[in-house]
Amino acid sequence: MLFRNEKRDSREAPPQAGGLRVPLLPLRDIIVFPHMVVPLFVGRQKSIRALEEAMNKQKFILLAAQKDAKTNDPAEDDIYRVGTLGTVVQLLRLPDGTVKVLVEGKKRARVTRYLSNAEYFLVEAEALEEACNKSTEVEALIRSVNATFETYVKLNKKVPPEMIMSVASIDEPARLADTIVAHLGIKLEDKQTLLEMTNPAERLEKVLGFMRSEIEILEVEKRIRTRVKKQMEKTQKEYYLNEQMRAIQKELGEKDEFKNEIQELEEKIKQKKMSAEAREKAEKELKKLKMMSPMSAEATVVRNYIDWLISLPWHEYTEDKLDIKEAEKVLEDDHFGLEKVKQRILEYLAVQSLVGHTKGPILCLVGPPGVGKTSLGKSIARATGRKFVRVSLGGVRDEAEIRGHRRTYIGALPGKVIQCMKRAGSGNPVFLLDEVDKMSTDFRGDPSSALLEVLDPEQNSTFNDHYLDVDYDLSKVMFVTTANTLERIPRPLQDRMEIIRIAGYTELEKLNIAKKYLIPKQHEANGLKAENIVLSDSALMSIIRHYTKEAGVRNLEREIASVCRKVAVEVVKKDRNARIRVSAKSLNAYLGPPRYRYGKAEVEHKIGVATGLAWTDMGGELLATEVQVMPGKGKLLITGRLGEVMQESAQAAMSYVRSRAEELGLERDFYQKIDIHIHIPEGAIPKDGPSAGITMATALVSALTRIPVRHDLAMTGEVTLRGNVLPIGGLKEKVLAAHRGGIKKVLIPVENEKDIREIPAVILKSIEIELVEHMDQVLRKALVLADPENYPKKPATPPAEPVPAAFQAAAGPPDAPDIVTH
């Protein structure tokens, strides 16, 4: 750090009376007195130039205070007329542009007039003479001031004690007054008044008055401090006496609530069955609690922690019902269908009865809304004789919701898993984690990652909650999770669980569920007797087909409830014992006109129209695919709000047709003279997936060859450029949709043969399922042909040799049709 040092001739005397042209430095919140050395930080450009002028030309500078410290650009009237002439001792430029300067006051001066200067304040000033004749009165005043200053320093800890000796050595009244005033905490206006006083004796007397006022204030502050200290001592004394009183009460056998509470906790810890680690932790925390004040905040935290350790079921288990027949009866009573889930529960109970103990299974029920995933958890608990707890994970985005908060946080709690275990009161409940696919991630962590330990049979025996900070055994818990789709569940989490898909109900299953569960439930909910309302099977089937569109039965229950309410109105109006029959014909009067149309097969063979099968969240749907051929220049137009995968399937189907043009009886360049439009109706509904590949290829061939497609046939499968048919998903839902629409035959890929066993036997009796592995087979079965065995025709000439890759690169891509999608 380098300072520029101002080297003055030591013989140079302070300025005498008379006019003196000097730069002026306006000061904020400080007044510099003669004989004072003060450091200043200067940031205003005019002030910096004034300092530089004084420094460069070894001039004096007038240090005068502003009347208002907040004024950034003061005028002449904003600055006091009387200031102090001083010299610049040291000057340092700081990196931020400000200047640190050390100035020394020399003599009082008054501004006579301001001179014109744009860069800084330039004034004409005259030095103020101070004359004081030493007299007995002045000597007495000096002694009083010294004695009072000594008292002031003893009361004011901010002034160093060394100042007493420094002040005592000054015998000049003027310098004594100026030295003491620098250490007084008085207002700026009062300091300015002292600066303007030229009579040292009067100034000294004024300083004495200020000192005595400050001493009075300091003595009051001292009394307040002493009083506060005594109050604190009194509080400590009372605490000590209260502790003594408690000790005496203990000796006398009187009640001590806090001590009794600790004894109760100690007794509970001894009686509670818990792991060795948890017991050691509880005893350690109890020992810490004994040393604390009962009123402290930390004591409450420790007490809550011990309560959590005691209240958790460490070794308390309910006994499983191992009667397979009884469990099967419970599951059948509660749910219709859902054979896979029921079978899995019975398998678990059978193994449990043979082996004695197995790790709790982790089932993931995946299916559309309303198929009974959540209610199935309660049925599992009832069938196994276990307690049931449920936690919804929809919208959970904080990892602490699963793992708990650390005890350092205010209001810390264990995670939802430990909270539910406490609520269950047993170590082996059926634990339903609902909507596991609805969790999200943000800056607070990833809750799905926190579930990895909970749902891993190899790890959850030592689950560690952040709040408990001890291992807890979850291996005997039967976890059941539910989700609408698997795509939103991270792959590592899927790997931990046994996925069971619940595809949805057939119309027949819905009919049985309505008659067995929903109608009796709505009778009771709406105050109707069984004889008040008769819902015919045709009416129920009409509700299922025309008033609901779902895989589950939630909306079906709502529509049945709506019918029951309207019947209740009629019963109240007519007769409490009235019998009202609701048929398919009278349904319009209760529910209004039909809301939905379900997919139906075409009534006659049509050219360019093929029936495909699609899977949606609501179940299966028939997918009519239309192809129209028009004169044009080779454009391929695809509409119907299709996703990227489906558009690619359309392009693959077109490429297959082009590659088989000769066999199909088409010219090799047929696509250059026409525009082809592929459309899938219901354009408002987004559609995607590869399974419509063979449907679009069939419709294309039909439109180009003018051969009709069978109206009572539907198909599903992905097509490759070579015409191979690849497997698809959701076969059960698709076949159900075909059955509902009156389809007689369904073409499916060979590799989907394994999925046929999932389709109900009653459906297979009315639908013929045929397996295909190449597009040629699809065309033979789907098109209305006179000679299906010889279609497509074999090429007359062998195919051309493949073009070398180097030639292809040089020649550029083959002439392909433009593709337009909407």
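Summary of computed values
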read-out: Any hit, region 554-562, residues being of a type outside the set (F, W, Y) and under 22 Å from I759 (Cβ atoms); value: yes
read-out: Residue among D495, D537 that alone is under 23 Å from V366 (Cα atoms), of a type in the set (D, E, K, R) and at pLDDT 85 or above; value: D495
read-out: Selection count, region 699-741, where residues are under 28 Å from R757 (Cα atoms) and touching a Pro at 6+ places or on another chain (Cβ under 7 Å); value: 6
read-out: Index of the failed condition, V351 passing every other in (1) open to solvent by 10 Å² or more (accessible area, probe 1.4 Å); (2) within 23 Å of N464 (Cβ to Cβ); value: (2)
read-out: Total residues in region 425-448, condition touching a Pro at 6+ places or on another chain (Cβ under 7 Å) and over 21 Å from P490 (Cβ atoms); value: 3
read-out: Residue check for A800: assigned to a helix (DSSP H, G or I), open to solvent by 50 Å² or more (accessible area, probe 1.4 Å) and modelled with pLDDT under 55; value: no
read-out: Region 503-512 - residue that is closer than 12 Å to D537 by Cα and among the hydrophobic types (A, V, I, L, M, F, W, C) and, of those, surrounded by the fewest Cβ atoms within 10 Å (Cβ to Cβ); value: L508
read-out: Some residue of region 722-737 being among the small types (G, A, S) and surrounded by fewer than 17 Cβ atoms within 10 Å (Cβ to Cβ); value: yes
read-out: Leading residue by the ranking (nearest to Y656 (Cα to Cα)) among those in region 772-793 that are within 55 Å of the chain's Cα centre (by Cα) and hydrophobic (A, V, I, L, M, F, W, C); value: M775
read-out: Residue within region 605-613 that is out of contact with any strand residue (DSSP E or B) (no Cβ under 9 Å at 6 or more places or on another chain) and farther than 14 Å from D712 by Cα present; value: no
read-out: Unmet requirement for K585, which otherwise passes all of (1) closer than 23 Å to Y517 by Cα; (2) modelled with pLDDT of 80 or more; value: (1)
read-out: Complete set of residues in region 101-118 that are open to solvent by 40 Å² or more (accessible area, probe 1.4 Å) and touching a His at 6+ places or on another chain (Cβ under 9 Å); value: E104, K106
read-out: Helices (runs of 4 or more DSSP H) enclosed by region 700-791 - at least 2 residues per element that are at pLDDT below 90 and more than 26 Å from D688 (Cβ to Cβ); value: 761-766
read-out: Single match in K422, K378 (criterion: in contact with a helix residue (DSSP H, G or I) (Cβ under 7 Å, 6 or more places away or on another chain), at pLDDT 85 or above and open to solvent by 20 Å² or more (accessible area, probe 1.4 Å)); value: K422
read-out: Residue in region 460-471 that is crowded, with 16+ Cβ neighbours inside 10 Å and at positive phi present; value: no
read-out: Scan of region 426-439 for residues that are touching a helix residue (DSSP H, G or I) at 6+ places or on another chain (Cβ under 8 Å) and either at pLDDT 85 or above or surrounded by fewer than 18 Cβ atoms within 10 Å (Cβ to Cβ) (or both), ordered by number; value: G427, P429, V430, F431, L432, L433, D434, V436
read-out: Enumeration of residues in region 67-100 that are part of a strand (DSSP E or B), aliphatic (A, V, I, L, M) and open to solvent by less than 40 Å² (accessible area, probe 1.4 Å); value: I79, V82, L85, V88, L91, L92, V99
read-out: Meets criteria (among the small types (G, A, S), over 60 Å from the mean Cα position of the chain (by Cα) and over 30 Å from P26 (Cα atoms)) for A147; value: yes
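To keep it simple, each residue is scored yes or no on (1) modelled with pLDDT under 80; (2) among the charged types (D, E, K, R); (3) more than 47 Å from the chain's Cα centre (by Cα); (4) open to solvent by 60 Å² or more (accessible area, probe 1.4 Å).
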residue: G209; (1), (2), (3), (4): no, no, yes, no
residue: E216; (1), (2), (3), (4): no, yes, yes, yes
residue: K222; (1), (2), (3), (4): no, yes, yes, yes
residue: Y240; (1), (2), (3), (4): no, no, yes, yes
residue: M245; (1), (2), (3), (4): yes, no, yes, yes
residue: E266; (1), (2), (3), (4): no, yes, no, yes
residue: K273; (1), (2), (3), (4): no, yes, no, yes
residue: K281; (1), (2), (3), (4): no, yes, no, no
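To keep it simple, each residue is scored yes or no on (1) open to solvent by 80 Å² or more (accessible area, probe 1.4 Å); (2) free of Cβ contacts under 8 Å to residues at least 40 places away in the same chain; (3) assigned to a helix (DSSP H, G or I).
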residue: N304; (1), (2), (3): no, yes, yes
residue: H315; (1), (2), (3): yes, no, no
residue: K325; (1), (2), (3): yes, yes, yes
residue: L331; (1), (2), (3): no, no, yes
residue: K340; (1), (2), (3): yes, no, yes
residue: Q343; (1), (2), (3): yes, yes, yes
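The values are calculated or read from the model by the stated rules, or taken from the named source; none is laboratory data. Everything quoted here is computed from the prediction, not taken from an experiment. Virtual Cβ from ideal backbone geometry, glycine too; neighbours counted across all protein chains shown. All accessible areas refer to the heavy atoms of the entire protein, side chains included, with ligands and DNA or RNA removed. Shrake-Rupley method; radii C 1.70, N 1.55, O 1.52, S 1.80 Å.
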